[in-house]
Amino acid sequence: MLDLNFIRQNKEKVLQAAKNKNREINLDKILDLDEKRRTLIAQSQTLREQRNKLAKEKPAKETIEEGKKIKLQLQEIEKELKAIEQELNLLLSFVPNVPLSEVPVGKDASFNKVVKTWGKIPQFDFTVKSHIEIGKELDIVDFERGAKVSGFRGYFLKNEGAVLHLTILFYVFQKLVKKGYTPLIAPAIVKGFTLFGCGQFPWGEQDTYKLNDDDAYLAGTAEQPVTSYFSGEILKEEELPKKFVAISSCFRKEAGAYGKDTRGLYRLHEFWKVEQVIIAKNNLEEAKKLHEELQQNGEEILEELELPYRRVILSTGEMGEPQIFKYDTEVWMPYRNAYGEVMSNSIMGDFQARRLNIKYRKKDGTKEYCFTLNNTAIASPRILIAILENYQQKDGTIKIPKVLQPLTGFEEIKKKK
């Protein structure tokens, strides 16, 4: 949520930001409602002062009648004010955050900017297989029975595939705990305020699973419950930043994604993710440093797995509504002969904290909204695509990345006899 004072003072910037993010907003209506709201608040304040003044006078017929009149006027103003604030808050909820000046302006992914590449793209002297074919041949993924049991995009990970999945999640989780991040097992069932607070609602509501219980949804990422952890609270400045690593199951309808990556393990309704979340002070320069720390954590993981990757600055049209700056990290996927996104690293500014009412008290006693940041540490089984395809061998076996071998208990996956 953007501050109304900021909107009033930066109308053109806010309008341009919405346009660059491919969103339409009614800023004139917002400012008009805000003006009416402020006028009504001023009128209410004046009437209250008059009422207080009358209360100090000797009771008389005239003062009693005047008091009743003021009471009725206040009731009408409060009723009108409530209606205006409801409409105003609804319109404000659709106003996206304003990107930093260094974000590439563009409507789609073609405007993204590659700023780093790492690793050598593997060259194979045999026909490369897809992770789908590999999974079937080695009996480590079962898509047919997954679809039978779970429906569209359902899957079973089995045998070494199930072990590899759990291994990589635990490996990454443990790595970040050792770096000082507070470990959390995050709930997958969340209340609606968490989704609104993080910016999933209203824009991504069609991609969210709603449960039959009142006010219960399935989270699409641990970012949502973890960022909401301190909702409605006032933290101490000296406690910040607070760094979390959370593991959870994630659920997404992938509405509007039909026809894109519908086969295999890339775009799923249900998956697991290790997420990094930071609650920080309201300081852009510090946030940028923390953002780089989150990025470094993710890149270290891919380098330890020896997977070629690239870092991309997302354009305005690709970055999403709450972000002011965002990296995507994309890993090489041999069968598609292209990179695929595996990590998203975002600075949200105070956008989420305003919606969730997360503040901190500064040393001088004043309060400010926090900044929030988050980055994927690992998402599985999507990362299995890169491991299976990059580590495939001519004889049909799959080598296991060296860093994972002590946890998997095996060095390769081969055909069952």
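Residues of the stretch 174-187 being surrounded by fewer than 19 Cβ atoms within 10 Å (Cβ to Cβ) and not β-branched (Val, Ile, Thr), which ones? Please lay out each step first, then the result.
Of all residues in the stretch 174-187, those surrounded by fewer than 19 Cβ atoms within 10 Å (Cβ to Cβ) come to 174, 177-180, 182-185, 187.
Across the stretch 174-187, the qualifying residues are Gln174, Lys178, Lys179, Gly180, Pro183, Leu184, Pro187.
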Every residue from the stretch 300-347 that is assigned to a helix (DSSP H, G or I), in contact with a strand residue (DSSP E or B) (Cβ under 7 Å, 6 or more places away or on another chain) and acidic (Asp, Glu):
Glu303
Considering only residues that are in contact with a Ser or Thr (Cβ under 9 Å, 6 or more places away or on another chain) and within 30 Å of Ala18 (Cβ to Cβ), which ones fall in the stretch 319-338?
Met319, Gly320, Pro322, Gln323, Ile324, Phe325, Lys326, Tyr327, Asp328, Thr329
Cβ pairs under 9 Å, 6+ apart or interchain, first in the stretch 177-196 and touching a residue at least 60 places away in the same chain (Cβ under 8 Å) and within 19 Å of Glu239 (Cα to Cα), second part of a strand (DSSP E or B) and polar (S, T, N, Q), ordered by first then second residue, are Tyr181/Gln276; Leu184/Ser248
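Within the stretch 1-58, count every residue that is among the aliphatic types (A, V, I, L, M) and free of Cβ contacts under 8 Å to residues at least 60 places away in the same chain. Spell out how you get there, then give the answer.
Start the filter on the stretch 1-58 by keeping residues that are among the aliphatic types (A, V, I, L, M), which leaves 1-2, 4, 7, 14-15, 17-18, 25, 27, 30-31, 33, 40-42, 47, 54-55.
Those left that are additionally free of Cβ contacts under 8 Å to residues at least 60 places away in the same chain: 15, 31, 33, 40-42, 47, 54-55.
Residues in the stretch 1-58 being among the aliphatic types (A, V, I, L, M) and free of Cβ contacts under 8 Å to residues at least 60 places away in the same chain: 9 in total.
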Candidates Leu72, Leu47, Leu88, Leu54 - the one that is under 30 Å from Leu356 (Cα atoms) and part of a helix (DSSP H, G or I)
Leu88
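Residue by residue through the stretch 157-211, note down the ones that are among the charged types (D, E, K, R) and under 14 Å from the mean Cα position of the chain (by Cα). Steps first, answer last, please.
Of the stretch 157-211, the ones among the charged types (D, E, K, R) are 158, 160, 175, 178-179, 191, 205, 207, 210.
Glu205, Asp207, listed by residue number.
Each row is one residue, and each column tells you yes or no for (1) touching a Phe, Trp or Tyr at 6+ places or on another chain (Cβ under 8 Å); (2) touching a residue at least 40 places away in the same chain (Cβ under 8 Å); (3) outside the structural domain of Met343 (by TED's automatic domain parsing).
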residue: Asp139; (1), (2), (3): no, yes, no
residue: Glu160; (1), (2), (3): yes, yes, no
residue: Thr167; (1), (2), (3): no, yes, no
residue: Lys175; (1), (2), (3): no, yes, no
residue: Cys198; (1), (2), (3): no, yes, no
residue: Tyr217; (1), (2), (3): yes, no, no
residue: Ala222; (1), (2), (3): no, yes, no
With respect to Glu254, is the statement that it is surrounded by 22 or more Cβ atoms within 10 Å (Cβ to Cβ), closer than 25 Å to Phe196 by Cβ, charged (D, E, K, R) and within 18 Å of the chain's Cα centre (by Cα) true?
no
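On the given criteria, is Ile387 farther than 21 Å from Lys175 by Cβ, of a type in the set (A, V, I, L, M) and modelled with pLDDT of 95 or more?
Values: farther than 21 Å from Lys175 by Cβ: no; of a type in the set (A, V, I, L, M): yes; modelled with pLDDT of 95 or more: yes.
No.
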Taking the residues in the stretch 195-233 that are in a loop (DSSP other than H, G, I, E, B) and acidic (Asp, Glu) as candidates, determine which candidate is farthest from Gln352 (Cα to Cα).
Asp213
With the first residue restricted to the stretch 66-95 and required to be more than 16 Å from Arg48 (Cβ to Cβ), and the second required to be among the acidic types (Asp, Glu), Cβ contacts under 7 Å at 6 or more apart or on different chains are Leu88/Asp34
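So for the stretch 316-332 (the condition being assigned by TED's automatic domain parsing to the domain that holds Val128, of a type in the set (S, T, N, Q) and within 23 Å of Phe170 (Cα to Cα)), does at least one residue qualify?
Taking the stretch 316-332 first, the residues assigned by TED's automatic domain parsing to the domain that holds Val128 are 316-332.
Next, only the ones that are of a type in the set (S, T, N, Q) stay: 316, 323, 329.
Cutting the leftovers down to within 23 Å of Phe170 (Cα to Cα) gives us 329.
Yes, the stretch 316-332 contains a residue that is assigned by TED's automatic domain parsing to the domain that holds Val128, of a type in the set (S, T, N, Q) and within 23 Å of Phe170 (Cα to Cα).
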Answer yes if at least one residue in the stretch 302-322 is surrounded by 23 or more Cβ atoms within 10 Å (Cβ to Cβ), touching a helix residue (DSSP H, G or I) at 6+ places or on another chain (Cβ under 8 Å) and of a type in the set (Asp, Glu), and no otherwise.
no
Report yes if some residue within the stretch 117-134 is under 30 Å from Thr316 (Cα atoms), at pLDDT 95 or above, in a loop (DSSP other than H, G, I, E, B) and touching a Gly at 6+ places or on another chain (Cβ under 9 Å); otherwise report no.
no
Tally of residues being under 27 Å from Gln16 (Cβ atoms) and either modelled with pLDDT under 90 or in the same structural domain as Trp203 (by TED's automatic domain parsing) (or both) across the stretch 46-88:
0
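Among the residues of the stretch 395-402, are any in contact with a His (Cβ under 8 Å, 6 or more places away or on another chain) and closer than 21 Å to Gly119 by Cα? Steps first, please.
Kept after step one, since they are in contact with a His (Cβ under 8 Å, 6 or more places away or on another chain), are these residues of the stretch 395-402: none.
No, because not a single residue in the stretch 395-402 is in contact with a His (Cβ under 8 Å, 6 or more places away or on another chain) and closer than 21 Å to Gly119 by Cα.
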Somewhere in the stretch 173-193, is a residue at positive phi and either touching a helix residue (DSSP H, G or I) at 6+ places or on another chain (Cβ under 7 Å) or basic (Lys, Arg) (or both)?
no
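The values are calculated or read from the model by the stated rules, or taken from the named source; none is laboratory data. Source: prediction; values computed, not measured. Heads up, the Cβs are rebuilt from the backbone with ideal geometry, glycines too, and the neighbour counts pull from every protein chain shown.
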